[in-house]
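Asker: Can you read through this structure? Questions will come right after.
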Amino acid sequence: MSGPSTYEPKSGFTRWLDARLPVVRLGWDSFVDFPTPRNLNYWYTFGGILSVCLVIQIVTGIVLAMHYVPHIDYAFDSVERIDRDVNFGWLLRNIHANGASMFFLAVYLHIFRGLYYGSYKAPRELLWILGVVIYLLMMAAAFMGYVLPWGQMSYWGAMVITNLFGALPLVGGPVTEWLWGGFSVGNATLNRFFSLHYLIPFLIAGVVALHIWALHVPGNNNPTGLNVKTKNDTLPFHPYYTAKDGFAIVVFLVIFAFFVFYWPDALGHADNYIEANALVTPAHIVPEWYLLPFYAILRAVPDKLGGVILMFGAIAVLFVLPWLDTSKVRSMRYRPLGRWFFGFFAIACLGLGWAGQALPDDPVPVLGAIGMDFLLLGRLLTLYYFAYFLVILPVLGFIEKPTPRPASIEDSVLGTGKKTDTGGTASSPPAAAPAE
């Protein structure tokens with residue numbers, strides 16, 4: 001918690017405004033004088049990076065929507081016209097298309113940082129859940145946006161994914177027909193996806209506001225996972241973390257700009273530059289790279305309904321993660337076994353993405369000599385993905401012996417050598433100090 005407000009209006013207008021709508025006070029307390037753990041590293045800058053990504057996507061999306069035609073006879077041509085005839089249309093489209101990939105890259109790093117440092121543990125369960133909701137909305141917006149260019153991969157991707165809902169008992173058929181707006185993917189489908197794709201980013205912005213609110217109640221987690229005990233454990237957010245976040249954002253934008261100006265089509269699929277044709281099926285239908293791990297999980301089960309359940313279950317398990325991890329220690333820095341299993345989990349997620357982009361029957365390089373194809377690899381990695389959440393984390397809390405932790409955040413920064421015992425509760429802050 002930030003404690004009592006330190007904002008003092010300096011002029012007659014700000015005093016008048018503060019008495020009626022204390023919006024300046026809110027900004028001051030939330031983004032200027034907010035006490036922030038002094039040991040945050042650059043992994044904690046992705047919250048600010050993601051905020052910039054969201055603004056970029058909304059602004060460019062609004063402008064692109066002014067020129068896009070959501071009709072199956074004109075959608076593909078309207079995208080080509082944006083590239084060729086609209087002033088700076090090529091730039092806006094490249095920013096928006098690559099911005100989706102940059103958004104997901106940042107959010108994956110943000111999620112893995114939260115997993116490693118235990119940012120989902122009490123009292124931040126709701127903060128984590130809101131983050132997973134944002135991730136789900138991002139996936140929905142990205143999928144619907146991928147359909148809008150109405151290329152081959154857009155059309156057939158929409159056909160494959162919407163048909164998955166048909167596997168659900170009782171509700172599958174009606175949901176699929178509602179998404180289609182009829183009995184097949186067509187013009188009504190494109191209109192629905194355009195409308196929802198335009199709406200969802202604003203929903204994301206609303207949930208982000210709740211996410212930030214939920215963050216400012218208990219305060220930031222930190223790499224040690226320790227609670228804030230004294231004022232020496234914190235620094236004001238400005239200028240220390242505004243400068244740090246600002247530098248990280250600039251570096252991220254340089255990488256972003258490299259893709260926009262020098263490699264704009266690297267993260268897309270070549271087939272999507274061919275106009276949609278319902279009579280010609282692409283040789284290999286795949287989603288964008290950021291959805292490939294879930295595509296591999298979907299293919300891991302031969303039964304269609306089982307694959308759909310497993311794919312949605314891969315996200316649903318994140319909602320209950322705060323209650324699956326039984327360890328009393330937040331940060332993996334002090335969990336030697338946990339670090340190993342987390343490393344294997346990160347490799348498994350990358351491997352699922354690799355398996356998702358390949359043909360199921362293709363042999364895995366090197367491992368193909370022992371009969372390993374990408375379908376089998378996807379199944380093994382899917383097994384580990386769920387075992388990590390449902391078996392490994394619950395069991396580790398009982399068998400793992402954490403290493404000694406610093407006595408406070410200040411000690412971890414100054415390296416005084418003071419240590420606490422390895423037990424301790426990660427979720428109960430001191431009575432006289434705000435939670436970390």
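The values are calculated or read from the model by the stated rules, or taken from the named source; none is laboratory data. For clarity, every value in this text was computed on a predicted model and none was experimentally measured. Glycine gets a Cβ as well: all are built from the backbone with ideal geometry, and neighbour counts include every protein chain shown.
Asker: Any residue in region 1-21 that's free of Cβ contacts under 8 Å to residues at least 40 places away in the same chain: show its pairings with residues that are surrounded by 11 or more Cβ atoms within 10 Å (Cβ to Cβ) and part of a loop (DSSP other than H, G, I, E, B) at Cβ separation under 7 Å, as long as the two are six or more apart or on different chains.
Answerer: THR6/ASP33; ARG15/PRO9; ASP18/PRO9
Asker: Also, I was wondering about something else. Go through region 72-94 and give me each residue that's assigned to a helix (DSSP H, G or I) and crowded, with 18+ Cβ neighbours inside 10 Å.
Answerer: As a first pass, look at region 72-94 and keep what is assigned to a helix (DSSP H, G or I): 75-84, 89-94.
Passing the criteria: ALA75, PHE76, SER78, VAL79, ILE82, GLY89, LEU92, ARG93, ASN94.
Asker: Could you go through region 341-348 and let me know if any residue there is free of Cβ contacts under 8 Å to residues at least 24 places away in the same chain and over 13 Å from TYR116 (Cβ atoms).
Answerer: Quick first cut of region 341-348, residues free of Cβ contacts under 8 Å to residues at least 24 places away in the same chain only: 343, 347.
Still in the list and also over 13 Å from TYR116 (Cβ atoms): 347.
Yes, the conditions are met somewhere in region 341-348.
Asker: Sort through THR242, THR224 and tell me the only one that's within 26 Å of ARG124 (Cβ to Cβ), in a helix (DSSP H, G or I) and among the β-branched types (Val, Ile, Thr).
Answerer: Values: THR224 fails: in a helix (DSSP H, G or I).
On inspection, the qualifying residue turns out to be THR242.
Asker: Is it true that some residue in region 105-112 is in contact (Cβ under 8 Å) with a residue 60 or more places away in the chain, touching a Lys or Arg at 6+ places or on another chain (Cβ under 7 Å) and not charged (D, E, K, R)?
Answerer: no
Asker: Of all residues being part of a helix (DSSP H, G or I) and touching a Gly at 6+ places or on another chain (Cβ under 7 Å) in region 154-179, which is nearest to GLN357 (Cα to Cα)? Just the residue, please.
Answerer: From region 154-179, those part of a helix (DSSP H, G or I) are 154-165, 172-179; that's our starting set.
Now narrow it down to the ones that are touching a Gly at 6+ places or on another chain (Cβ under 7 Å): 165, 172-173, 176.
Details: PHE165: 22, GLY172: 27, GLY173: 28, THR176: 25 Å.
Within region 154-179, the match that is nearest to GLN357 (Cα to Cα) is PHE165.
Asker: Could you list, in sequence order, all residues of region 265-300 that are part of a loop (DSSP other than H, G, I, E, B), surrounded by fewer than 18 Cβ atoms within 10 Å (Cβ to Cβ), touching a residue at least 60 places away in the same chain (Cβ under 8 Å) and of a type outside the set (Ser, Thr, Tyr)?
Answerer: Initially, region 265-300 is screened for residues part of a loop (DSSP other than H, G, I, E, B), giving 265-269, 274, 276-288, 300.
Imposing the further condition that a residue be surrounded by fewer than 18 Cβ atoms within 10 Å (Cβ to Cβ) reduces the set to 265-267, 274, 277-281, 283-285.
Checking which are touching a residue at least 60 places away in the same chain (Cβ under 8 Å) leaves us with 267, 274, 277-278, 280-281, 284-285.
If the condition is that a residue be part of a loop (DSSP other than H, G, I, E, B), surrounded by fewer than 18 Cβ atoms within 10 Å (Cβ to Cβ), touching a residue at least 60 places away in the same chain (Cβ under 8 Å) and of a type outside the set (Ser, Thr, Tyr), then LEU267, ILE274, ASN277, ALA278, VAL280, HIS284, ILE285 are the ones that fit.
Asker: Here's a follow-up. Among (1) part of a loop (DSSP other than H, G, I, E, B); (2) under 30 Å from HIS110 (Cβ atoms); (3) not hydroxyl-bearing (Ser, Thr, Tyr), where does ILE62 come up short?
Answerer: Answer for ILE62: the failing condition is (1).
Asker: Within region 154-165, does at least one residue satisfy the condition of being among the polar types (S, T, N, Q), closer than 23 Å to ASP83 by Cα, modelled with pLDDT of 90 or more and crowded, with 18+ Cβ neighbours inside 10 Å? First the steps, then the outcome.
Answerer: Looking only at region 154-165, we keep the residues that are among the polar types (S, T, N, Q), and these are 154, 162-163.
Among the residues that remain, those that are also closer than 23 Å to ASP83 by Cα are: 154.
Then drop every residue that is not modelled with pLDDT of 90 or more, which leaves 154.
Then keep just the ones that are crowded, with 18+ Cβ neighbours inside 10 Å; that gives 154.
Within region 154-165 (the criterion being among the polar types (S, T, N, Q), closer than 23 Å to ASP83 by Cα, modelled with pLDDT of 90 or more and crowded, with 18+ Cβ neighbours inside 10 Å), the answer is yes, since at least one residue qualifies.
Asker: So how many residues does region 2-17 have that are outside any helix (DSSP H, G or I) and either farther than 28 Å from LEU215 by Cα or more than 33 Å from the chain's Cα centre (by Cα) (or both)? Before the answer, list the steps.
Answerer: Filtering region 2-17 for residues outside any helix (DSSP H, G or I) gives 2-11.
Within this subset, residues satisfying the condition of being either farther than 28 Å from LEU215 by Cα or more than 33 Å from the chain's Cα centre (by Cα) (or both) are 6-11.
Residues that pass the stated criteria total 6.
Asker: Right, next: Does any residue of region 273-286 turn out to be among the charged types (D, E, K, R) and at pLDDT 95 or above? Break it down into steps so the answer makes sense when it comes.
Answerer: Just the residues of region 273-286 that are among the charged types (D, E, K, R), to begin with: 275.
Of the ones still in play, those that are also at pLDDT 95 or above are 275.
Yes, region 273-286 has at least one match.
Matching residues to (1) in contact (Cβ under 8 Å) with a residue 24 or more places away in the chain; (2) farther than 23 Å from LEU137 by Cβ; (3) aliphatic (A, V, I, L, M):
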site: ASP29; (1), (2), (3): yes, yes, no
site: ASP33; (1), (2), (3): yes, yes, no
site: LEU50; (1), (2), (3): yes, no, yes
site: VAL79; (1), (2), (3): yes, yes, yes
site: ASP85; (1), (2), (3): no, yes, no
site: PHE88; (1), (2), (3): no, yes, no
site: LEU92; (1), (2), (3): yes, no, yes
site: ILE95; (1), (2), (3): yes, no, yes
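Asker: Test TYR146 against the criterion of being buried (at least 22 other Cβ atoms within 10 Å of the Cβ) and part of a loop (DSSP other than H, G, I, E, B), and give yes or no.
Answerer: Numbers: buried (at least 22 other Cβ atoms within 10 Å of the Cβ): yes; part of a loop (DSSP other than H, G, I, E, B): no.
So TYR146 fails the test.
Asker: Now for a separate question. When the residues of region 314-328 are filtered to those that are surrounded by 15 or more Cβ atoms within 10 Å (Cβ to Cβ) and among the small types (Gly, Ala, Ser), which remaining residue is farthest from PRO149 (Cα to Cα)?
Answerer: SER327
Asker: Then there is this: Which one of these is surrounded by fewer than 16 Cβ atoms within 10 Å (Cβ to Cβ), part of a loop (DSSP other than H, G, I, E, B) and of a type outside the set (Asp, Glu): LEU359, LEU350?
Answerer: Values: LEU350 fails: part of a loop (DSSP other than H, G, I, E, B).
Exactly one of LEU359, LEU350 is surrounded by fewer than 16 Cβ atoms within 10 Å (Cβ to Cβ), part of a loop (DSSP other than H, G, I, E, B) and of a type outside the set (Asp, Glu), namely LEU359.
Asker: For residues in region 197-233 being under 16 Å from SER408 (Cα atoms) and of a type in the set (Val, Ile, Thr), which is surrounded by the fewest Cβ atoms within 10 Å (Cβ to Cβ)?
Answerer: Out of the qualifying residues, it is THR230.
Asker: I want to confirm something. Restricting to region 111-124 and keeping residues that are over 16 Å from the mean Cα position of the chain (by Cα) and surrounded by fewer than 21 Cβ atoms within 10 Å (Cβ to Cβ), which single residue is farthest from VAL320 (Cα to Cα)?
Answerer: PRO123
Asker: As an exercise: evaluate VAL23 against (1) of a type outside the set (Ser, Thr, Tyr); (2) over 30 Å from ILE129 (Cβ atoms); (3) surrounded by fewer than 18 Cβ atoms within 10 Å (Cβ to Cβ) and give the number of the one condition it does not meet.
Answerer: Exception for VAL23: condition (2).
Asker: Would region 55-70 turn up any residue that is at pLDDT 95 or above, closer than 28 Å to LEU321 by Cβ and out of contact with any helix residue (DSSP H, G or I) (no Cβ under 6 Å at 6 or more places or on another chain)? Quick ask: steps written out before the conclusion?
Answerer: Step one: of region 55-70, the residues at pLDDT 95 or above are 55-70.
Remaining after also requiring closer than 28 Å to LEU321 by Cβ: 57.
With out of contact with any helix residue (DSSP H, G or I) (no Cβ under 6 Å at 6 or more places or on another chain) added as a condition, the list becomes none.
Checked region 55-70: no residue is at pLDDT 95 or above, closer than 28 Å to LEU321 by Cβ and out of contact with any helix residue (DSSP H, G or I) (no Cβ under 6 Å at 6 or more places or on another chain).
Asker: Hey, among GLY307, GLY268, which residue is of a type in the set (Gly, Ala, Ser) and within 21 Å of CYS53 (Cα to Cα)? Quick ask: steps written out before the conclusion?
Answerer: Working: GLY307 fails: within 21 Å of CYS53 (Cα to Cα).
Testing whether each residue is of a type in the set (Gly, Ala, Ser) and within 21 Å of CYS53 (Cα to Cα) leaves just GLY268.
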